[in-house]
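A short write-up of the structure that comes next.
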Amino acid sequence: MEYNFNELEPKWQAWWRENHTYKVANGGTKPHFYVLDMFPYPSGAGLHVGHPLGYIASDIYARYKRLCGFNVLHPMGYDSYGLPAEQYAIQTGQHPAVTTERNIARYREQLDKIGFSFDWDREVRTCDPEYYKWTQWTFIQLFNSYYCNQAQQARPIAELVDIFAKQGTEGLDLACTEPLAFTADEWRSWDEPKRQQVLMNYRLAYLADIPVNWCAELGTVLANDEVVNGLSVRGGYPVERKLMRQWSLRITAYAERLSKGLADLEWSDSLKEIQRNWIGRSEGAAVWFPLDVPTTSVDAPTGLFMGQVNPQPAPSFEIFTTRPDTIFGVTFMVLCPEHELIDQITTPEQKAEVEAYVTWAKNRSERERQAEVKKVSGVFTGAYAINPLTNEKIPIWVSEYVLAGYGTGAIMAVPAHDSRDFAFARHFNLPIRQVVALEKDAVSDPATWEESMDAKTGYSVNSGFVTGMKVKDAMKAVINKIEEMGIGRRTVNYRLRDAIFSRQRYWGEPFPIYYKNGYPCALPVECLPLELPEVSEFKPTSTGEPPLGHATRWAWDEKNRCVVETSKIDNQTVFPLELSTMPGFAGSSGYYLRYMDPRNDKAYFSKEAVDYWRQVDLYVGGAEHGTGHLIYARFWNKFLFDLGLAVCDEPFRRLVNQGMVQGRSNFVYRSKTDNNLFISKNVKDCASKTVPIHVDVNIVDNDVLDIDKFRQWRPEFKEARFELEDGKYICGWEIEKMSKSMYNVQNPDDLVARYGADTLRLYEMFLGPVEQAKPWDTNGIEGVFRFLKKFWKLFDSGLNNQNAQKEPTKEELKILHQTIKKVTEDIERFSFNTSVSTFMICTNDMTTAKTDNLSVLEPLVVLIAPFAPHIAEELWHRLGHEGSVCDAEWPKYDEKYLVEDTFTYPVSFNGKMRFTIDLPAGVTQSDAVETVMASAEGQKWLAGATPKKVIFVPKKIINIVI
RNA sequence: GCGGAUAUGGCGUAAUUGGUAGCCGCGCCAGACUUAGGAUCUGGUUCCGAGAGGAGUGGGGGUUCAAGUCCCCCUAUCCGCACCA
């Protein structure tokens with residue numbers, strides 16, 4: 001019988017569906033294992049061959065784990081809120097829900113053809129109200145929580161209200177937007193709006209004024225990459241930096257835990273490093289610098305910073321530095337243009353210049369600023385600070401190179417040991433003073449330097465009480481000193497910023513928030529989900545409000561607890577609802593938890609479900625989510641952990657990043673002089689006489705062009721003539737991004753139709769290591785297809801042979817057990833390309849050995865089942881089994897079949913003092929070494945010498961040292 | 001600029017983790033079979049050389065009896081961050 005995949009694959013796919021083969025129950029006696037893929041955004045273009053790569057890898061692992069006796073959770077769903085559907089809606093007027101539904105159906109169809117073992121009963125969609133109910137629910141929990149830095153934990157905001165009423169901010173260390181200090185009496189004296197305003201400072205989901213790129217003309221916030229030279233990319237309208245009230249998540253509260261938690265994760269080093277960089281933890285010191293107040297008096301800035309009241313009696317400001325040891329080298333201070341102190345300290349003479357600079361800096365877009373990073377700019381305020389350790393007077397400057405969002409927006413500049421300060425000092429001719437040297441006496445004139453000495457190595461020089469200390473010791477000594485003096489302390493800073501959570505968009509989760517007297521209130525959780533309303537159009541409103549501003553039924557009736565007409569808003573009992581929606585990462589941050597118990601309408605997921613599955617054991621997806629989804633999901637999980645819902649602090653124990661699949665484009669070469677003439681690639685002078693044109697890879701086979709299909713492909717090629725080589729037209733090729741415009745998109749459906757799903761699955765794995773980026777090249781798929789046909793044939797002859805039950809030969813057992821061993825090890829380390837090679841070798845060997853012994857062949861069916869489930873299922877049933885091969889038992893190998901039983905020595909001497917021997921079972925290394933020593937004694941080829949030492953190394957090689 | 005990764009035949013890759021480099025597959029060459037196929041099978045295929053032989057894992061140095069693998073210095077490509085004090 002022929003290997004007829006066209007018949008066999010749909011048959012078993014239907015059988016699996018009817019028998020609910022992949023349905024997974026929560027609980028049972030088996031050990032549990034959770035294998036998850038990053039769920040896709042269902043785009044209109046459908047799947048290309050790059051998408052299933054990770055799904056196939058995780059499917060293999062999931063099926064393998066199941067065969068090893070685990071209860072495996074392996075779900076799939078859709079990240080179905082997002083921008084493309086909305087933009088398509090704006091252009092065509094089609095409702096995003098309709099196009100999304102259609103795209104999902106197409107994705108499902110494509111996925112089903114590849115034979116995945118997903119439990120589709122657990123499917124989730126982020127745009128489904130039953131799902132986003134819990135996204136909204138989590139948002140309300142965030143809104144109703146604060147973060148206690150002492151306990152390193154989120155707590156209910158109600159608890160904080162009690163604390164404020166009892167003790168004010170006394171003794172508290174809280175994550176906040178800006179440091180506040182007040183007493184219990186003050187708190188009690190405030191009215192509700194004022195209290196709400198204060199609480200907003202501590203909520204984990206909070207409203208705050210955040211600088212954004214605002215385009216008035218388009219009525220929307222733009223991302224940095226949507227703005228060029230202060231103009232919007234689309235339309236060319238002016239864009240301004242503007243503070244806008246936006247929802248944010250206080251992810252910075254979790255910076256420490258997000259950073260520390262990385263250590264125990266089985267993630268690639270590179271991805272951990274990406275996250276570490278993004279979180280940007282740096283240890284250093286916060287130091288208060290007193291102002292040298294001229295004639296006009298300046299009010300001391302009041303308030304807390306990092307939970308501490310300004311300890312300075314005199315007016316002063318705080319800086320952050322990672323190099324406290326260089327404090328003796330400070331020659332100027334720099335404030336960021338947004339710094340609140342600027343207005344207060346600028347001298348009248350400098351006022352005009354400083355104001356001009358601040359205005360200029362403020363109006364620059366993020367993009368402009370970043371493009372001119374190397375350009376030095378700044379202005380002197382006329383004011384001075386006092387170095388608290390030397391009592392020196394130090395000028396205070398303002399410059400863009402100091403960022404408002406990091407540290408305190410103010411720095412002490414040490415030009416000798418910081419390249420940016422160095423550039424600034426050189427530009428404005430400020431003094432540079434060396435305070436660190438590689439050797440204690442290696443002091444030179446900084447005026448002769450070409451660059452600053454930034455390295456944290458060497459010794460302190462010219463540095464008062466730390467002179468002569470190693471840099472590391474000097475850092476500690478200075479911090480101790482400033483702590484002792486009460487002017488600063490050891491501290492940690494993070495680069496991570498809070499996540500802006502508002503989008504002026506339609507196709508996203510509505511915020512379960514309404515506005516009462518101007519302050520936001522959360523909907524009662526029993527009223528969730530708050531469903532996305534219908535709107536007349538998907539664009540912003542004429543007044544610049546988000547698309548939800550078009551909704552006529554978008555107000556909250558507090559008394560009747562329901563959504564009502566906007567016209568009924570009276571701000572007494574009926575209030576306006578929030579108009580922006582949540583961003584893409586909202587729905588994807590907790591979906592892995594929902595899969596554990598996806599149909600629960602009482603809770604996000606039940607306690608039993610999460611106690612059973614705990615966390616994702618293996619997560620497979622692209623590394624491009626390293627600083628987005630993978631950070632947000634960890635944050636989301638940690639928050640749910642604090643609430644007592646999640647049972648693990650980290651969501652994804654092991655993470656594998658599949659590499660990007662690039663496209664392999666094909667080209668035809670059109671004559672420069674004759675538009676209808678195409679010259680084959682290797683014809684003489686082809687390159688100089690022609691221009692390359694992309695040609696659809698689907699009408700090219702092994703770089704040979706199908707001429708007829710090419711003429712039909714596009715009307716302008718109808719009259720095409722060809723200059724061939726060896727009767728063929730050979731195309732050129734290049735590696736490019738896989739995209740429609742390059743005509744290099746391989747559709748998995750076409751390959752399934754031509755070679756079958758099993759061949760596609762094996763070939764995707766055979767292409768190379770899963771983690772590695774690689775170009776898609778269909779040319780090799782024939783080899784894998786041939787292998788499956790050989791594999792099939794092996795069984796076909798075994799099943800047709802009457803004598804098939806005879807004793808297996810030693811050779812056959814050796815091949816079998818080698819294969820089991822290799823494949824098992826390969827799967828464990830996610831090296832699927834080598835597993836496929838192993839199958840090929842095994843099949844070749846078995847074919848050569850004319851194996852028809854079913855007892856040897858049967859375990860192979862189980863081995864290949866994770867990779868090629870359809871053919872495995874078919875053969876499994878032909879071998880007489882009733883149930884699915886998915887429930888078989890993973891074969892074990894026995895070392896005894898793997899060792900050689902011949903022992904000959906020495907079999908070869910290659911002139912480099914090296915023997916090759918075969919070591920039989922039961923012979924120890926020292927026996928072998930002794931035997932070789934004895935046999936080597938007095939041998940001619942050793943020139944009469946006696947070996948001094950015999951070194952045994954694995955791999956049947958013995959080295960002799962004379 | 002900082003950080004991470006990668007580099008092996010014409011191509012994708014493999015190498016039991018320091019032990020005979022090039023497994024497996026594509027492609028190519030030669031052959032077999034044939035009712036001629038997008039079929040199957042056999043042999044060959046790192047490079048130079050007719051051959052004996054020599055060279056060889058991006059380049060240069062080092063450690064080792066032994067290096068694709070470990071260390072140092074370059075070069076190229078890819079990815080992430082980018083004035084983060």
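The values are calculated or read from the model by the stated rules, or taken from the named source; none is laboratory data. Here the structure is a predicted model, which is why all the values come from computation and not from measurement. Every residue, glycine among them, receives a Cβ derived from its backbone with ideal geometry; neighbour counts consider all protein chains shown. SASA here: full protein model, heavy atoms, side chains in, ligands and nucleic acids out. Shrake-Rupley method; radii C 1.70, N 1.55, O 1.52, S 1.80 Å.
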Inset, instruction - Search segment A:754-763 for residues being under 16 Å from residue A:697 (Cβ atoms) and within 11 Å of RNA strand B (Cβ to nearest atom), and hand back the single one that is most open to solvent (accessible area, probe 1.4 Å). - result: A:754
Inset, instruction - Please verify whether segment A:132-151 includes one or more residues that are at pLDDT 95 or above, of a type in the set (D, E, K, R) and within 30 Å of residue A:96 (Cβ to Cβ). - result: yes
Inset, instruction - Go through segment A:590-646 and count every residue that is in contact (Cβ under 8 Å) with a residue 60 or more places away in the chain, open to solvent by 30 Å² or more (accessible area, probe 1.4 Å), within 30 Å of residue A:273 (Cα to Cα) and assigned to a helix (DSSP H, G or I). - result: 3
Inset, instruction - Name every residue in segment A:314-343 that is more than 29 Å from residue A:457 (Cα to Cα), open to solvent by 10 Å² or more (accessible area, probe 1.4 Å) and either within 11 Å of RNA strand B (Cβ to nearest atom) or assigned to a helix (DSSP H, G or I) (or both), in order of residue number. - result: A:337, A:338, A:339, A:343
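Would you tally the residues in segment A:352-372 being out of contact with any helix residue (DSSP H, G or I) (no Cβ under 6 Å at 6 or more places or on another chain), open to solvent by 80 Å² or more (accessible area, probe 1.4 Å) and part of a helix (DSSP H, G or I)?
Residues of segment A:352-372 out of contact with any helix residue (DSSP H, G or I) (no Cβ under 6 Å at 6 or more places or on another chain): A:352-365, A:368-372.
Those still in the list that are open to solvent by 80 Å² or more (accessible area, probe 1.4 Å) too: A:353, A:355, A:360, A:362-363, A:370-371.
Applying the additional criterion that residues be part of a helix (DSSP H, G or I) yields A:353, A:355, A:360, A:362, A:370-371.
Residues in segment A:352-372 being out of contact with any helix residue (DSSP H, G or I) (no Cβ under 6 Å at 6 or more places or on another chain), open to solvent by 80 Å² or more (accessible area, probe 1.4 Å) and part of a helix (DSSP H, G or I): 6 in total.
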Inset, instruction - State which residue pairs qualify: first residue open to solvent by 40 Å² or more (accessible area, probe 1.4 Å) and inside segment A:487-502, second residue of a type outside the set (S, T, N, Q) and within 8 Å of RNA strand B (Cβ to nearest atom) in any location, beta carbons under 7 Å apart, and separation of 6 or more residues or different chains. - result: A:494/A:280; A:495/A:280; A:495/A:406; A:497/A:405
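Just checking, which of A:701, A:696 is open to solvent by 50 Å² or more (accessible area, probe 1.4 Å) and free of Cβ contacts under 8 Å to residues at least 60 places away in the same chain?
Working: A:696 fails: open to solvent by 50 Å² or more (accessible area, probe 1.4 Å).
It is A:701.
Answer yes or no as to whether residue A:728 is open to solvent by 30 Å² or more (accessible area, probe 1.4 Å), in contact with a strand residue (DSSP E or B) (Cβ under 8 Å, 6 or more places away or on another chain) and within 15 Å of RNA strand B (Cβ to nearest atom).
Values: open to solvent by 30 Å² or more (accessible area, probe 1.4 Å): yes; in contact with a strand residue (DSSP E or B) (Cβ under 8 Å, 6 or more places away or on another chain): yes; within 15 Å of RNA strand B (Cβ to nearest atom): yes.
So residue A:728 passes the test.
Report whether or not residue A:826 is crowded, with 17+ Cβ neighbours inside 10 Å and over 29 Å from residue A:655 (Cα atoms).
Values: crowded, with 17+ Cβ neighbours inside 10 Å: yes; over 29 Å from residue A:655 (Cα atoms): no.
Answer is no for this residue.
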Inset, instruction - Spot the failing condition for residue A:789; the list is (1) within 20 Å of residue A:2 (Cβ to Cβ); (2) within 12 Å of RNA strand B (Cβ to nearest atom); (3) modelled with pLDDT under 90, and only one is missed. - result: (3)
Inset, instruction - Return only the number of the condition from (1) under 31 Å from the mean Cα position of the chain (by Cα); (2) closer than 20 Å to residue A:521 by Cβ; (3) not in a loop (DSSP other than H, G, I, E, B) that residue A:147 does not satisfy. - result: (2)
Legend entry - Pairs where the first residue, in segment A:566-587, is closer than 17 Å to residue A:140 by Cα and the second is among the polar types (S, T, N, Q) and modelled with pLDDT of 95 or more, C-beta under 6 Å, 6+ apart: A:586/A:135; A:587/A:126; A:587/A:135
Legend entry - Sole exception among (1) outside any strand (DSSP E or B); (2) surrounded by 13 or more Cβ atoms within 10 Å (Cβ to Cβ); (3) at pLDDT below 90; (4) of a type outside the set (Ser, Thr, Tyr) for residue A:255, by number: (3)
Legend entry - Residue ranges of strands (runs of 3 or more DSSP E) in segment A:461-547 with at least 3 members at pLDDT below 95: A:488-493
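How many residues does segment A:652-681 contain that are touching a Cys at 6+ places or on another chain (Cβ under 9 Å) and assigned to a loop (DSSP other than H, G, I, E, B)?
The first filter runs over segment A:652-681 and keeps only residues touching a Cys at 6+ places or on another chain (Cβ under 9 Å), leaving A:666-669, A:679-681.
Subset that is assigned to a loop (DSSP other than H, G, I, E, B): A:680-681.
Number satisfying all stated conditions: 2.
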Inset, instruction - Look at residue A:439 and say whether it is open to solvent by 40 Å² or more (accessible area, probe 1.4 Å), assigned to a loop (DSSP other than H, G, I, E, B), within 13 Å of RNA strand B (Cβ to nearest atom) and of a type in the set (Asp, Glu). - result: no
Legend entry - segment A:381-402 - residue that is of a type in the set (S, T, N, Q) and either open to solvent by 20 Å² or more (accessible area, probe 1.4 Å) or touching a His at 6+ places or on another chain (Cβ under 9 Å) (or both) and, of those, nearest to residue A:467 (Cα to Cα): A:390
Inset, instruction - Return yes when residue A:838 is among the β-branched types (Val, Ile, Thr), open to solvent by less than 40 Å² (accessible area, probe 1.4 Å), near RNA strand B (Cβ under 9 Å from one of its atoms) and touching a helix residue (DSSP H, G or I) at 6+ places or on another chain (Cβ under 6 Å) and no when it is not. - result: yes
Legend entry - Matching residues, segment A:682-693, being part of a loop (DSSP other than H, G, I, E, B) and in contact (Cβ under 8 Å) with a residue 24 or more places away in the chain: A:682, A:683
Legend entry - residue A:866, sole failed condition from (1) in a loop (DSSP other than H, G, I, E, B); (2) in contact with a helix residue (DSSP H, G or I) (Cβ under 7 Å, 6 or more places away or on another chain); (3) within 15 Å of RNA strand B (Cβ to nearest atom); (4) not acidic (Asp, Glu): (3)
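Do any strands (runs of 3 or more DSSP E) lying entirely in segment A:373-413 carry at least 1 residues that are away from RNA strand B (no atom under 13 Å from the Cβ) and in contact with a Ser or Thr (Cβ under 8 Å, 6 or more places away or on another chain), and which ones are they? So that I can check it myself, show each step before the final result.
Details: elements: A:379-386, A:393-398, A:410-413.
Output list reads A:379-386, A:393-398.
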